[in-house]
2 protein chains.
Amino acid sequence: MYLYHHPFCPHSRFIRLLLAEYGLEPELVEERVWERRPEFLALNPAGETPVIVEEQTPSVPGASIIAEYLDETRGLALAPHRLLPENPGERVEVRRLTSWFHDKMFVEVTEPLVRERIYKRYMNRAQGGGAPDATALRMARNNMRYHLKYIGWLARARKWLAGERMSQADLAAAAHISVVDYLGDVPWDEDEYARDWYARIKSRPSFRALLAENIPGMPPSRTYADLDF
Amino acid sequence: MYLYHHPFCPHSRFIRLLLAEYGLEPELVEERVWERRPEFLALNPAGETPVIVEEQTPSVPGASIIAEYLDETRGLALAPHRLLPENPGERVEVRRLTSWFHDKMFVEVTEPLVRERIYKRYMNRAQGGGAPDATALRMARNNMRYHLKYIGWLARARKWLAGERMSQADLAAAAHISVVDYLGDVPWDEDEYARDWYARIKSRPSFRALLAENIPGMPPSRTYADLDF
């Protein structure tokens, strides 16, 4: 299995966590989507990471679609730790939160932070490179506080974000948080419930590969790889 | 079953088509999401239509999540006309295209057209009302041409957009197209394959209620309700 990804694309990180929880080890292929490589667009016309490619099957593009595909083809093997629960009502809540992080938190927090602070370092001017936009960063950091509070509110009311068992929703939230944490933009002091939840999920073996990621010339924050932050 | 919707929200239209194909008749509750009613935000913290509410179950928010929920709770009853196919690989293609229309075409075409030309009529200044933004309209109309071409390309290569059988992907595309068609912004002359495909799907009984929608003071285009346009 090949995973086309970017090490700081939160949707790609979600799939890396998911695959690790399934016990699958894909070959990683780093993709810089802003280069719009024709070979990559043939795999996913939407031009976005992540995409998985397995022999003898069409490519599977997009975080949510890959998550459904993995549940359908490998989910039963994980029981009772299946990452999408069996019950339709519980599945609604897991999918609602997964989409909350992948769509809403992405637009309001992760996408602007990663674009302005990381991707732009690798883009030329025609691709949208240049200095980070200070207004976008300020808005994203402010939005981060509300998303952290929501995570804390969920973590206080429930054992895991979507209910009694760890699910895709936790991995989705953690994937986004991990990127923001690398950049040092998570105000951990503001919510101890969110912090405790993240410490729990970050300690899982599936997280190890992410915590070893490093951008040359831009080391991670002090808290990033520390399990007792 | 209650469906919180807006008659010109393409995601809501998709769910109305889906429910009609399932033979379900929800009570419709019109929601103007820009008013941000607290009772509605309690049903869906993301503040977006559509949402379905059934007795004894938590609310189900969002087009994709509702579609998965309906497939899981009522899908088998539709066989062999199930709107998500059985095979995992075929499900990937149906979900890929459904997301293409709900996410990409929405951002590039439907959302700006509906916001600028319809929603703004009902918004006050604080909610974002005012005159339509001519630049946004011009860009959306131009993007429409590419999306029509893609639909035509799919319709030429396959019987239905995602394969041999009608699926959610056709209903998603048709829901978006129908809103743009109401506004008279589909350049039908540019793609006969897309036109033939739309004539086929528009003739289904599930489409009737949509074709009867009307905005006071803003009648539909000539082609909107005409099955032989």
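The values are calculated or read from the model by the stated rules, or taken from the named source; none is laboratory data. The structure displayed is predicted, hence computed values, not measured ones. Glycine also receives a Cβ, built like all others from the backbone with ideal geometry; neighbour counts cover every protein chain displayed. Ligands, DNA and RNA are stripped out before the accessible areas are found, and what is left, the full protein with its side chains, is counted by its heavy atoms. Shrake-Rupley method; radii C 1.70, N 1.55, O 1.52, S 1.80 Å.
Summarise the partner chain shielding of B:89-96 as one whole number: the mean count of Cβ atoms from other chains within 10 Å of each residue's Cβ.
What the average comes to for B:89-96 is 6.
Ignoring ligands, DNA and RNA, what percent of the accessible area of the stretch A:35-156 is carbon or sulfur (1.4 Å)?
53 percent
Run the quick spin-label model on B:LEU24 and A:MET218: label points 7 Å from Cα toward the beta carbon, then report their separation in nm to one decimal.
4.4 nm
Once you have all Cα-Cα distances for the stretch A:2-81, histogram them in 10 Å bins from zero and send the whole-percent values.
19, 54, 23, 4, 0
Average partner chain C-beta neighbours within 10 Å, per residue of A:59-65?
Counting Cβ atoms of other protein chains within 10 Å of each residue's Cβ and averaging gives 5.
Taking the Cα atoms of the stretch B:88-211, what is the range of coordinates along each of the three principal axes, in descending order and whole Å?
Dimensions of the stretch B:88-211 along the principal axes of its Cα atoms: 48, 32, 27 Å.
If you filter the stretch A:129-187 for trypsin sites (Lys or Arg not before Pro), then keep DSSP loop positions with at most 16 other Cβ within 10 Å, what is left?
A:ARG158, A:LYS159, A:ARG165
Taking every DSSP beta bridge that has both residues in the protein assembly as shown, what percent is antiparallel when rounded to the nearest 5?
So the antiparallel bridges amount to about 65 percent of the total.
Could you give the size of the charge dipole of the stretch A:58-132 about its Cα centre, using +1 on the Cβ of each K and R and -1 on the Cβ of each D and E, expressed in debye and rounded to the nearest 20?
Taking the Cα centre of the stretch A:58-132 as origin, the dipole is about 460 debye.
Rounded, prolate or oblate: which fits the stretch B:167-220, taking a ≥ b ≥ c as square roots of the Cα gyration tensor eigenvalues, rounded meaning a/c under 1.5, else prolate when a/b beats b/c?
It is oblate, given that a/c is not under 1.5 and a/b is not larger than b/c.
Hey, what does the equivalent ellipsoid look like for the protein assembly as shown, semi-axes from the Cα gyration tensor as sqrt of 5 times each eigenvalue, largest first, whole Å?
36, 25, 24
Run the 1.4 Å probe and let me know the accessible area of B:GLU72, rounded to the nearest 10 Å².
Accessible area of B:GLU72: about 70 Å².
Accessible area per residue of the protein assembly as shown at 1.4 Å probe, in Å²?
Value for the protein assembly as shown: 45 Å² per residue.
Taking the label point as lying 7 angstrom from Cα along the Cα-to-Cβ axis, what are the distances from A:GLU39 to the corresponding position in the remaining copies, in ascending order and in nanometres?
Once sorted, the set of distances for A:GLU39 reads 5.7 nm.
For A:ARG117, what accessible surface area do you get with a 1.4 Å probe? Give it in Å², rounded to 10.
60 Å²
Once you've got the GNM for chain B with C-alpha springs shorter than 10 Å, pick whichever of B:ALA126, B:ALA140, B:ALA194 has the biggest mean-square fluctuation.
Judging by the Gaussian network model, the answer is B:ALA126.
Run the numbers for A:MET123 and A:ALA157: contour at 0.36 nm per residue of separation, minus the present Cα-Cα distance, in nm.
Residue separation times 0.36 nm, minus the Cα-Cα distance, leaves 8.0 nm.
What does DSSP give for chain B in terms of the percent of beta bridges that are antiparallel, rounded to the nearest 5?
DSSP beta bridges in chain B are roughly 65 percent antiparallel.
Given that compact globular proteins tend to follow 2.2 N^0.38 Å, what is the ratio of the alpha-carbon Rg of the stretch A:1-144 to that value?
The reported ratio for this selection is 1.14.
Taking a threshold of 20 Å on the Cα-Cα distance, which of the pairs A:LYS104/A:LYS149; A:LYS149/A:LYS202; A:LYS159/A:LYS202; B:LYS120/B:LYS202; B:LYS149/B:LYS202; A:LYS120/A:LYS202 fall above it?
Pairs exceeding the cut-off: B:LYS120/B:LYS202; A:LYS120/A:LYS202.
Roughly how many debye, to the nearest 20, is the charge dipole of chain B about its Cα centre, given +1 on each Lys and Arg Cβ, -1 on each Asp and Glu Cβ, and no other charges?
Computed about the Cα centre, the dipole is about 540 debye.
Comparing A:GLU90, A:GLU48, A:GLU21, which has the greatest mean-square fluctuation in the GNM of chain A with Cα pairs linked when under 10 Å apart?
A:GLU90
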